[in-house]
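The values are calculated or read from the model by the stated rules, or taken from the named source; none is laboratory data. In this text, all values refer to a predicted model and were calculated from it rather than measured experimentally. For neighbour counting, all protein chains shown are included, and Cβ atoms are generated from backbone atoms with ideal geometry for every residue, glycine included. Please note that ligands, DNA and RNA were not included when accessible areas were found on the heavy atoms of the full protein model with its side chains. Shrake-Rupley method; radii C 1.70, N 1.55, O 1.52, S 1.80 Å.
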Amino acid sequence: MNNGDQRRLNGELEEDEEDEENNDGLAAWERAYADERSWESLQEDESGLLRPIDNQSLQHAQYRRRLRAASTTRIQKGLIRYLYIVIDLSKAASEMDFRPSRMGVVAKHVEAFIREYFYQNPLSQVGLVTIKDGVAHILTDLGGSPESHVKALMGKLECSGDASLQNALDLVQGYLNQIPSYGHREVLIMYSALSTCDPGDIMETIQKCKKSKIRCSVIGLSAEIFICKHLCQETGGSYYIALDESHLKDLILEHAPPPPAIAEFAIANLIKMGFPQRAAESSVAICSCHKEAKVGDGYTCPRCKARVCELPTECRICGLTLISSPHLARSYHHLFPIVPFDEVSLSLFIDQQNKLPKACFGCQQSLLGPGNKPGLHVSCPKCKQHFCLDCDIYIHESLHNCPGCDSTRHSKIPTANEG
């Protein structure tokens with residue numbers, strides 16, 4: 001072996017040793033992402049062959065189970081919610097068992113949750129609280145602007161010190177006690193630590209929250225903690241531990257739809273609301289929200305004529321709740337939800353192949369799979385129109401109206417007028 005071959009061989013050995021050292025230094029989750037674990041995306045079919053997992057069918061089956069569970073009982077729900085999101089920014093949130101860190105993953109999914117929350121609850125308000133160094137800080141007050149909450153959250157992502165669950169509960173309990181009786185008081189805690197550093201008896205604070213009818217829920221990013229479980233049991237909330245990032249996303253989005261109303265708040269009462277007019281583009285007025293002069297872009301309170309920047313909100317001058325008609329219409333989707341569609345069995349599709357439609361009524365895409373084999377789809381129990389899985393999810397989660405039922409209803413109007 002000549003000197004050139006020997007140097008090349010030595011160089012390859014050194015590179016192999018460096019790669020082994022780098023792999024040994026990786027954490028478990030880093031090795032999982034590096035290897036991609038592609039074998040987990042395969043499953044065995046009836047004939048014993050491996051084929052890719054149909055993630056769309058699995059996700060749709062999970063979605064339909066949630067839909068059936070929500071529609072089995074007709075319960076009154078709270079449409080005007082006041083929610084504080086408490087985010088643990090102690091040193092435990094800097095752990096990297098979630099990629100890139102617990103803090104980064106929580107911030108990303110809290111941002112998505114805030115936008116979804118306001119889409120499903122246009123009359124509700126959210127506030128942000130952070131806990132670090134044993135102290136709870138108000139990041140944003142209760143408000144109806146998702147952009148202001150997201151901007152404030154992304155600017156304060158720093159971890160330090162210990163978490164204090166009692167200080168956070170004392171802080172939000174003091175603010176939520178001022179909420180009117182028709183408002184539903186809630187706290188959602190994103191907790192990363194395995195302990196809580198409290199200045200007093202946290203059991204007394206939990207009883208205060210229970211007395212104030214504040215529903216407290218906790219999503220843990222580490223192991224289960226007794227005090228968090230006790231808090232949720234006493235106040236009627238839920239406590240779950242996130243197994244991975246996708247599970248965390250599902251857990252936090254479960255809090256977006258309105259929860260069942262507490263029995264004492266389920267009494268019907270009338271609420272005064274105002275529908276302000278949009279200000280002219282050239283008008284100049286002092287905004288009551290920011291205490292500064294603004295040109296155009298704003299709304300005028302119908303009672304005291306004060307200027308506000310965005311809706312929904314509460315007038316800072318007279319206290320009137322200000323909303324727009326689309327906000328009110330969107331809130332009624334939870335009062336009159338669309339019934340779940342029925343799954344069309346493959347045997348029925350084969351038996352009546354010439355009678356059943358072969359295209360989705362919503363998007364006009366084919367309902368047949370590869371080789372003209374019938375694919376999984378659903379039908380509306382009222383109008384009997386057939387829809388694909390994507391349209392089923394879109395109708396129930398975004399549109400809130402069945403296109404088949406609406407087209408049937410509109411087609412009957414001219415006939416009735418002629419008669």
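Below are the figures for this structure:
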quantity	calculated
Projected label distance in nm at Met203 and Ala293, using a 7 Å step from Cα toward the beta-carbon	6.0
Fully extended contour minus Cα-Cα distance, from Glu254 to Leu270, at 0.36 nm per residue	2.9 nm
Probe 1.4 Å, accessible area per residue of the stretch 277-335, Å²	59
Rounded if a/c under 1.5, otherwise prolate or oblate - the stretch 277-335, Cα gyration tensor axes	prolate
Rounded to whole Å, sorted largest first: equivalent-ellipsoid semi-axes of the stretch 229-301, Cα gyration tensor	41, 21, 12
Cα→Cβ-extended label distance, 7 Å offset, between Lys210 and Glu343, nm	4.1
Relative contact order, percent, the stretch 277-335 [alpha-carbon distance under 8 Å, six or more residues apart]	24
Stokes-Einstein translational diffusion, the stretch 77-265 - Kirkwood Rh over all Cα pairs, 1.002 mPa s, 20 °C, in µm²/s	132
Segments 385-391, 210-216 sorted - mean Cβ within 10 Å per residue, highest first	385-391, 210-216
Extension gain (nm, one decimal) between Asp97 and Ile317, 0.36 nm per residue minus Cα-Cα	74.4 nm
Estimated FRET transfer efficiency (Gln365, Glu111; beta-carbon r; R0 30 Å; 0.05)	0.40
Accessible-area composition of the stretch 197-260, carbon plus sulfur, in percent [1.4 Å probe]	54
Residue-span extension gain [Cys405 to Ser282] - 0.36 nm each, minus C-alpha spacing	39.9 nm
Segments 105-112, 314-321, 288-295, 83-90 sorted - mean Cβ within 10 Å per residue, highest first	83-90, 105-112, 314-321, 288-295
